[in-house]
Amino acid sequence: MADKKITWLHFDYAHPKRDNQLYLKYFSQCDSIINVSTTVDSALKGELPQLSDKCLVIENINNPLFINQLADAGEGFPDKDYKGKRILTVGRIAEQKGYDFAAEAMRLLKKDGIDAKWYILGDGDKDYKDYITSLIQEKDVADRFVFLGTTPTPYS
């Protein structure tokens, strides 16, 4: 067992509403709770003020020059000449991420005459990806989704 337990919080604890007793049980076991922004920090303290003395804000550390260099060095989108709206999702393809909502959202955009493509950068569970692929085919929006796979850097 670790001598110190530190957790990092990357989401707004207040939205959506959460099971405070469940989270309190978990957070109480931690020595420190690192929040990635003052907004995240305030939301957690507002919902669970008894944890305030454990909270600390450490923002994600990004070097903008380095990020821009990575962006310039990459290939970018495979269809550089596409002029419509682009939606990019970066993350693991898994049920918890809600990709099933993307198919219906794209169907509605298409119905409203909005020219858009949804790019998915990442990989994950093959069965779930197959399920998402069948959903987008069922909604007749398969031509509006591009699975990009994985890459060492998503910035380009």
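The values are calculated or read from the model by the stated rules, or taken from the named source; none is laboratory data. Predicted, not measured: the structure shown is a model, and the values here were computed from it. All Cβ positions, glycine included, derive from the backbone under ideal geometry; neighbour counts span all protein chains shown. Accessible surface is based on the protein model in full, side chains and every heavy atom, while ligands, DNA and RNA are left aside. Shrake-Rupley method; radii C 1.70, N 1.55, O 1.52, S 1.80 Å.
So what's the Cα pair-distance distribution over segment 50-137, bin width 5 Å, in %? Each 5 Å bin holds this share of Cα pairs: 3, 10, 15, 16, 15, 14, 12, 8, 4, 2, 0. Quick check: the distance between the Cα centres of segment 1-49 and segment 140-156, to the nearest angstrom? Each part's Cα centre sits 32 Å from the other's. Note that the chain presents 67 Å² accessible area per residue, ligands and nucleic acids not counted, probe 1.4 Å.
Relative to the longest principal axis of the Cα atoms of the chain, the long axis of helix 100-111 lies at roughly 40 degrees.
Once the Cα atoms are used to define both axes, helix 38-47 deviates from the longest principal axis of the chain by about 60 degrees.
Dipole magnitude for segment 1-103: computed about the Cα centre from +1 point charges on Lys and Arg Cβ and -1 point charges on Asp and Glu Cβ, it is near 180 debye. Taking Cβ atoms as reference points and 13 Å as the exclusive limit, the residues near Val90 contribute a net charge of +2, counting Lys and Arg as +1 and Asp and Glu as -1.
Using a 10 Å Cβ count of at most 15 others and DSSP loop calls, identify the longest part of the chain lacking such GluC sites (Glu not before Pro). Result for the longest clean stretch: 76-156. Under the criterion of Cα pairs below 8 Å and six or more residues apart, the relative contact order for segment 1-148 equals 18 percent. Charge tally for Phe77 (other residues, Cβ to Cβ under 10 Å; Lys, Arg +1; Asp, Glu -1): 0. The long axis of helix 64-73 is offset from the longest Cα principal axis of the chain by roughly 30 degrees. The solvent-accessible area of Asp81, taken with every protein chain present and a 1.4 Å probe, is close to 130 Å². Counting charges near Met106 (Lys, Arg +1; Asp, Glu -1) among other residues having Cβ under 9 Å from its Cβ returns a value of +4.
Of the accessible area of segment 26-156, computed with a 1.4 Å probe over protein heavy atoms only, carbon and sulfur atoms account for 52 percent. Ordering Leu44, Ile87, Ile61 by Cα displacement along the dipole of the chain toward the positive end leaves Leu44 in first place; charges were set at the Cβ atoms of Lys, Arg (+1) and Asp, Glu (-1). For the options Ala142, Ala71, Ala43, a Gaussian network treatment of the chain with springs between C-alpha atoms closer than 10 Å singles out Ala43 as fluctuating the most.
For the chain, modelled as a GNM with alpha-carbon contacts under 10 angstrom, which of Tyr128, Tyr99, Tyr26 fluctuates the most? Highest fluctuation of the listed residues: Tyr26.
Show that you can apply the helix-only estimate: for the chain, add -39,500 (n - 2.57) for every DSSP H stretch of four or more residues, divide by all residues, and state [θ] at 222 nm to the nearest 500.
-10500 deg cm²/dmol
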